[in-house]
1. Charges on Cβ only, +1 for Lys and Arg, -1 for Asp and Glu, centred on the Cα centroid of region B:163-313; of B:Ala311, B:Ala205, B:Gln177, which one is farthest towards the dipole's positive end?
2. Can you give me the relative contact order of region B:521-584 as a percent, contacts being Cα pairs under 8 Å and 6 or more apart?
3. Note the direction-averaged projected area, equal to a quarter of the hull surface, for the Cα convex hull of region B:161-221, in nm².
4. Assign unit charges at the C-beta atoms only (+1 for Lys and Arg, -1 for Asp and Glu), then state the dipole size of region B:274-327 relative to its Cα centre in Debye, rounded to the nearest 20.
5. Among A:Gln177, A:Thr194, A:Val156, whose Cα sits farthest toward the positive end of the charge dipole of region A:135-197 (+1 at Cβ of Lys/Arg, -1 at Cβ of Asp/Glu, about the Cα centre)?
6. If I take R0 = 30 Å and measure r between the Cβ atoms of A:Tyr62 and B:Leu237 in this structure, what FRET efficiency does the formula 1/(1 + (r/R0)^6) give, to the nearest 0.05?
7. Run through every distinct alpha carbon pair of region A:132-203 and return the Kirkwood hydrodynamic radius in angstroms, one decimal place.
8. Between B:Gln317 and residues 5 or more places away or on another chain, which pairs have amide H atoms under 5 Å apart, with H built 1.01 Å from N, and which residues are they?
Amino acid sequence: MRTGRPRPWAAVLACFVVCFVGIGLVSDAGAQPSTESPVLPPIPPPPLLTNWPSPVHDQRPYLFTLIDVLEYRPAGGARPGRDDYRWDIDGWYGGDHHRLWFKSEGQQDTAFKADYDVDFQLLYGRFIAKYYDVQIGSRVETQQFRGRNVTRGLGVIGIQGLVPYNYELEAALFIDQGGHVSGRLSLTKDFLLTQRLVLQGRFETNLAAQRVERFTTGAGLNNLEFGLRLRYEIRREFAPYVGFSVDRSFGETAALVREEGGNPSQIRFVAGVRLWF
Amino acid sequence: MPFNKNVPDGADSISRRLLLKRIGALGVLATIQSLLPACAGRAIHPIPSVGTQPSALSGELIDLVINERSFTVDGQIGTAVTINGTVPGPLLRLREGQQVAIRVTNHLREPTSIHWHGILLPFEMDGVPGVSFAGIEPGTTFSYRFPVKQSGTYWYHSHSGGQELQGMYGPLIIEPQEPEPIRNDRDYVVLLSDWSVEEPDRILANLKKVSGYYNFQKRTAVDFVADARRMGFWPALEDYLMWDWMRMDPTDFADVTGSALVYLMNGLSPTGNWTGLFHPGEAVRLRLINAAAATFFDVRVPGLTMTVVQADGQHVQPVTVEELRMGPAETYDVILRPEEDRAYTVFAEAMDRSGYARGTLAPRPGMSGDLPPRRPRPLRTMDDMGMGMEAMGRMGMGGHEHKQSGVIQGRQQGPGHLPLPGHAGHDHRPDHGTATTESTASGVGMEWVRHGPDDHGLGNQMIAEYARSRWMEPGTGLDQTERRVLVYADLKRLTPMDEWREPERTIELHLTGHMVRYLWSFDGKKYSEAPDPIPLRKDERLRLVFVNDTMMEHPIHLHGMWMELENGAGKFLPRKHTVIVKPAERLSVAVTVDAPGRWALHCHLLLHMEAGMFRVVEVAGGERHGPS
């Protein structure tokens, strides 16, 4: 059963018709007494639906925030004695089809970023295929480079969704003010060991078309990271975890990270908490 | 107020005597025990609720007051929306042929409504905000007035937001003018429902964000090891990977489970143990009402058979079963004959096996029956996908790749239909898209019907490549049992229809949804995307064909008019107000469109309805009846 979409032009047309007919009736009302028999009163039109509330509320917006990674990483990178932290947050506000997405990542002393690197993204997302949202928007990235803070803005186009075999996919292309193009791909998957003990596999890679020294990225493959995090869902929304990540950068990126005093090949243990609300 | 005119003595006098005995303790407490203020709830322990029934109201003028109160179940305090102060609300006992005026006063801070489920009445009195009236604003009173034109067991509930999940429902019994062809000594309402301390909005939000939020029976590594032992490593792996590949969960039987719900019988939790009394040898009638917002119940009384005599308030030819499945909003009247002087458990297990409601039938107060062993949660199979191995075998495409990717492969094969060999009678059927088709073909038969090319867009996760009738099946989770389980094919009306009128027109509606994103719709469009009423013609004979493209059962409810379930019973098709449509099922009902006005047609899983699995049908033409 297919009911038609509302047709604005039809409504406008109908209004005109009703107005003209109405004016005609009013102007004629006094002139011509009705000849119709009053025996059968006309069926009163049903009341207008427009004044009434909707019977169901299927367009409500929701706010979802997922702090997938919020973790402490004990010393073990290039700089002995320095512990550091990392986070990865994303979320959305909106309905089933249109959403405003926000994302933030922060990292320090990884194989990819020697000093701290924080980014924030604000995106418009649209449900475009059965399992995917396409996202478009902007990203701001701040990093420390040779003791100074450097910041850049980037445009973002990406896709996020669930691929066959239940892997969460997040893929994005970035272009900064200088026209430098880079990309990021991440895949995560949950393996249920028990109903509450979940092993999350996490794979991430970064790529760049050009060398951008200030942001310690070389051209080509920047890094590959693979992590496993074992969490216990005390509640669905609150799950402490432990795990490790194997992270390695390549080529020019590795050289730049090394120059900055970082270690381009790391195995790090992590402990943190996964939250959502 | 005698329950049954056919019974001269027995039931009422005994229950009255009991009530008199307990006039102080039970008589008063019984009416309020299911709803106690938070402070009192803590102080008073659950009392055995012997023979308690919701307090009854009858007559031509009934006043109902809607309030919000705290409600304590098993020590957990939540907020309930109550009718005259209780959960469930009072039993309304009407008489066929009478007029009734029911004044509903809203003392909530939000609008409310009451829908009289299964009752034939003028559409303005049907109680669906936005369809039949504007709703009942806070602080106001709405007077429902309608003639009572039928008899049987029904119920009533809020049709506003999540109020039904918050306890706003009650039983409605209409005594027939003619004596009933049912003999019973005892007559009990057994109203099943689900209750959560979580707010309905919160539950829906959780599901929108993480659709598997309430499922704590998913398949895990532990299950995999067990399955690998049982089936062999590779077959088990193949099976697990197939479900993962499809992004579906074979353990998905309920969106909201026992992890968040308490299942109630007459407002009492399993520890509250509602009790109905009997003398051995008596015929006990249970009026089973599934008033749950989110739960299918499998009901049985171990040690006894149940003879089903009414379905959805309508007499049916007696059929004796050991277990029956009830979708939300369905009702069944069953007769039991306990012969032994012992307690029997009335056991209503949630379809996903995550919990149960229970009560006791006992010869004396204070007894409690044994709980039957719990069953493992079932698993979805290829049957529920609309792509059975059997079908693939018959189609000559049982290859390995198809096993893994059959659904998508089938979908990509595009238009065209494929009549399956071995099913005579309908060797040529048109493709079934979603359009309204004019058809004079007979009802849905046993054949497998291939899905049309329309995959219903973004809002629909998958399609049932082949849908077929499943009214002869008891349903997933009940199909492995030795027990005699009620199937829809068993339901035959008691007296034949005067004449069978073949439907002139067919409307096919696909039940669609997306489990990952928690979207629910008809034909891939939620209500806000298809708000225009489906036009029906007064006095036409209509066939509604429901095709379930999802992997969940949906109880579909048509307001205002009977659906005659086309279950092969010829002139004995049963009349239903709510029909369960199983996954990958193609089920049809015949409707005589005799009630002018606008009526709701929706899935009676409250959250599915609220997510958009809802339509309005509009019956134009003919004279509108005024309110009464």
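1. Towards the positive end, the residue furthest out is B:Ala205.
2. Relative contact order of region B:521-584: 34 percent.
3. Mean projected area for region B:161-221: 8.4 nm², to one decimal.
4. 80 debye
5. A:Gln177
6. 0.25
7. 14.4 Å
8. It is B:Lys492, B:Arg493, B:Leu494, by chain and number.
Readers should treat all values here as calculations from the given coordinates under stated rules, not as data from a laboratory. Every value quoted in this text rests on a predicted model; they were computed, and no experiment measured them. With ideal geometry, Cβ positions are generated from the backbone for all residues, glycine too; neighbour counts draw on all protein chains shown.
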